[in-house]
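*Asks:* So that we are looking at the same thing, I have put the structure below in C-alpha cells.
The values are calculated or read from the model by the stated rules, or taken from the named source; none is laboratory data. Bear in mind that the values here come from a model prediction, so they are computed numbers and not experimental data. With ideal geometry, Cβ positions are generated from the backbone for all residues, glycine too; neighbour counts draw on all protein chains shown. The area values use the complete protein model at the heavy-atom level, side chains included, leaving out ligands, DNA and RNA. Shrake-Rupley method; radii C 1.70, N 1.55, O 1.52, S 1.80 Å.
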Amino acid sequence: MQWRALVLGLVLLRLGLHGVLWLVFGLGPSMGFYQRFPLSFGFQRLRAPDGPVSPALGSAGPSGPSWLQPPVPGAAAGRRRAPRRPGPGMCGPAHWGYVLGGRGRGPDEYEKRYSGAFPPQLRAQMRDLARGMFVFGYDNYMAHAFPQDELNPIHCRGRGPDRGDPSNLNINDVLGNYSLTLVDALDTLAIMGNSSEFQKAVKLVINTVSFDKDSTVQVFEATIRVLGSLLSAHRIITDSKQPFGDMTIKDYDNELLHMAHDLAVRLLPAFENTKTGIPYPRVNLKTGVPPDSNNETCTAGAGSLLVEFGILSRLLGDSTFEWVARRAVKALWNLRSNDTGLLGNVVNIQTGHWVGKQSGLGAGLDSFYEYLLKSYILFGEKEDLEMFNAAYRSIQNYLRRGREACNEGEGDPPLYVNVNMFSGQLMNTWIDSLQAFFPGLQVLIGDVEDAICLHAFYYAIWKRYGALPERYNWQLQAPDVLFYPLRPELVESTYLLYQATKNPFYLHVGMDILQSLEKYTKVKCGYATLHHVIDKSKEDRMESFFLSETCKYLYLLFDEENPVHKSGTKYMFTTEGHIVSVDKHLRESPWKEFFSEDGGQDQEGKSVPRPKSPELKVINSSSNCNRVPDERRYSLPLKSIYMRQIDQMVGLI
Ligand code: DMJ
C-alpha cells in the first residue's frame, strides 16, 4: 500500500504546483504542464510590459529563428533610414535585459570585459605576439619548405603540387610549384618593417621563381596570391616615399612587374575560346587550358580578377588584362536574375547556364562583390560602383534576415542567409567562414552599424570553438563542416571595424583570436589547420594566406603607428590582403573608349578582339590621397543585451 500513497502524494504535489503556476503566471490549463515546464523565459514569445505579445528572441522558440522566414518586403529600404527606436508597445532593450537574466544594476559581464581601456603595453604585447606568429611560420617555411609552395608544419616538411593525383584540386588549384608561401608573404615583411628580410625575399623570388612550370592551377588563386603579391611588392619597392623603411632593391629593374606580366600572360588562355567571356577556371602554366577542362566555374573565381588585372594593365599601359577581366565581370553581371538581381555560385562558361543557383555571401561569390567595390575605389570607374550598389541592394532585399537595425529593436539579430538566386527562397541553414569578410566590406561602404552585428555573430562562433568552423548551421547551433584552415576573414573584419570605430572591443576580439591560434594551432614548425574545431585535431598544412592575411591583419590591428594607417597614403587591401596604394595614376585609363559597353561579345555573340598590347611601359606610383581620421567612440559597439542574445543563439551561453 505504501507505493499507492507515494503515487497519490506525487499526483497531489503536481496538481498543487500546476495550480500555483496557473495562478501566478496565468498559464492556461490548455498549455499543458509537460509542454511548458520548465518555463523558458528568454526564448519564447515575450509578453511586453504593456500587454501585447511581442516577437522577441526566436532562436530556441518552437519554430526556430526568424531567419527561416522570408524578409518583409521593403524592410531593406527601411533599414537604410535612421534606426527605429523602440516604441511604447515594444519590448525594449531594458526589458530584455531583465528577461535575459541581465545582471541587475551596474556594468554587466560584457561591459566589464570589453568596455575597459586596452592599455598600450598590452597592445604592444599583442602586436609582438602577432609578429612572433608570422616570424615563426615564415622562418620555419624558409628552413623546412622553401622552395616548395607550402609548409607542412607538423612534420616540418615542404609541400608542392600533388603530381600523383591531378584531381586533388584542394592542393593543385593553389600550389603551382612557384614558392607560393614566400611570394604571398612579401608585403607582410614590409608592413612589419623588416627591410632586410623583405629585400632578401624579393631577391630570392627574382632569382629562383619561375612560372614556366607544368602546373595546372586555378586562375583565381594564382591571380590573388601570386600576381597580386608581385604587384604589391613592386609598388612598395618603387614607392618614392618608402613609408615602411628602406624597401628599395639595389639595381631593381621592375623584375617583379615583369614576372607579374609573365604570369598573367600564362593565365590569358583561360579567357580564350569561351562563348560567354567568362574564363575557364584552370590553366596549365606551360600549355594553356587542359583539353579535358571543366566548363563550370564559380562566380568569385571568374569575376574577381579585375583588381590585379586592372593594376597590371594600368602599370604596363596594356589594356589586355583589364579588358578580359572586365569582360568576365560584365558577362556574369548580365546573367543575374531579372527578378531578384542575384547571381548564383556556379556557372557554365559556354552556355551561361547557372549550374549552382545558390546566392550567398560566402564561398563562390564572396570576392565577386568585394571586387566590384574595390575596383571602383582603385580605378574610379562608375559602372563598377553602380554594379556594386545594385548587388548590395539585392543582398539587403533577399539575403538579409533578422531585425531592421543592428543595435535597436527586437527580433533576431541580422544574418545573411543562402537563397535561391531566382526565387529568393532559403536554400539551407548554414553560413560559411568565408562570409566573415563581409562586415569588413560593409565598413568600406559605411554600413558600420550592420557590420558590427554580423561581425559579432561570427565572433560568438569563434568564442564557442576557439576557431571558425568552415560551415556553421545556425538552426542546429552546430558546425556542419568542421575544419578551420587558419582563415583570415574574421580578423580582417575585426581590423577594419577597429579602424572605423576605434573601439577597444575589437582589440579584445583580436587578443582572443591570437590566443586561441596560439593555443590550438601552434605546432612544432608553424601553425596547423584545425581538422576538427571541437576536438581540435589538426592537419599538416599551413596555407599561404596565414602569413599573407591572418598574421598581417592581426599585426596591423595592434600596431597603431603602422604606416598603413599613418603614412598619409591611402591603402586598399586586395582579397588576399596585399596592400595597394590608391593612386591617381591607377585612375587613368587611356583605353576606355576601346572597351565594349556590354562585355566581350558582338551582336552575333562572337568574341570582340582584344586591343593590341603596346610595349611594356611602367607608370611609377606616388600617392596624394589623405586619410580622414575617424574620431567616433562607442561604449560597446553592440549593446551588451544583443551580445548576450547572439552568444545564446550560437549556444555559447
Ligand atoms: C583567401 O585566399 C582570400 O581571402 C580569398 O578571397 C578567399 N579566402 C582565402 C582565405 O580564406
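*Asks:* Starting from the Cα of Glu383, step 7 Å along the direction of its Cβ; do the same at Lys522; then give the gap between the two resulting points in nm.
*Replies:* Inter-label distance under the simple model: 5.1 nm.
*Asks:* Let me check I've understood the local charge: for Gly160, count other residues with C-beta under 9 angstrom from its C-beta, Lys and Arg +1, Asp and Glu -1. What total comes out?
*Replies:* Taking every Cβ under 9 Å from that of Gly160, the sum is -1.
*Asks:* Let me ask something else about it. Could you state the accessible area per residue of segment 446-577 in Å², with a 1.4 Å probe and every protein chain left in place?
*Replies:* Per residue, segment 446-577 has an accessible area of 25 Å².
*Asks:* A further question on this structure: Cross-link partners among lysines for Lys357, C-alpha distance below 23 Å, same-chain residues fewer than 8 apart left out?
*Replies:* Partners found: Lys275, Lys330.
*Asks:* Using the Karplus curve 6.51 cos²θ - 1.76 cosθ + 1.60 with θ = phi - 60°, what ³J(HN,Hα) values do you get for each residue of segment 346-362, in whole Hz, with x for Gly and Pro?
*Replies:* Result, rounded to whole Hz: 9, 9, 8, 6, 9, 9, x, 7, 7, 8, x, 9, 6, 10, x, 9, x.
*Asks:* Another one. Considering only protein heavy atoms, what per residue accessible area in square angstrom results for segment 264-358 with a 1.4 angstrom probe? Can you show the working numbers first?
*Replies:* Details: 2780 Å² over 95 residues.
Accessible surface, normalised per residue, equals 29 Å².
*Asks:* Suppose a student asked you for the relative contact order of segment 542-583, using Cα pairs under 8 Å spaced at least 6 residues apart; what percent would you report?
*Replies:* The normalised contact order for segment 542-583 reaches 35 percent.
*Asks:* What are the lysines whose alpha-carbon lies under 20 Å from the alpha-carbon of Lys502, with same-chain residues fewer than 8 places away excluded?
*Replies:* Cross-link targets: Lys112, Lys552, Lys566, Lys570, Lys639.
*Asks:* What does the net charge come to around Gly193 if you take all other residues with beta carbon closer than 15 Å to its beta carbon, with K and R at +1 and D and E at -1?
*Replies:* -2
*Asks:* Quick one: 3J(HN,Hα) in Hz for segment 254-271, Karplus 6.51/-1.76/1.60 with θ = phi - 60°, rounded, Gly and Pro as x.
*Replies:* Result, rounded to whole Hz: 6, 4, 5, 5, 5, 5, 4, 4, 4, 5, 4, 4, 5, 8, 4, x, 4, 9.
*Asks:* Sticking with this one: Measure off, as a whole percent, the carbon and sulfur share of the 1.4 Å-probe accessible area of segment 408-527, all protein chains present.
*Replies:* 50
*Asks:* Give me a comma-separated list of calculated 3J(HN,Hα) values for segment 242-253, in order, Karplus coefficients 6.51, -1.76, 1.60 applied at θ = phi - 60°, integers in Hz, x for any Gly or Pro.
*Replies:* Per-residue couplings from phi come out as 6, x, 9, x, 7, 10, 6, 10, 4, 6, 5, 10 Hz.
*Asks:* Compute the signed sum of charges (Lys and Arg +1, Asp and Glu -1) over the other residues within less than 14 Å, Cβ to Cβ, of Trp430.
*Replies:* Working: positive: Arg401, Arg471; negative: Asp432, Glu470, Asp480.
Result for the neighbourhood of Trp430: -1.
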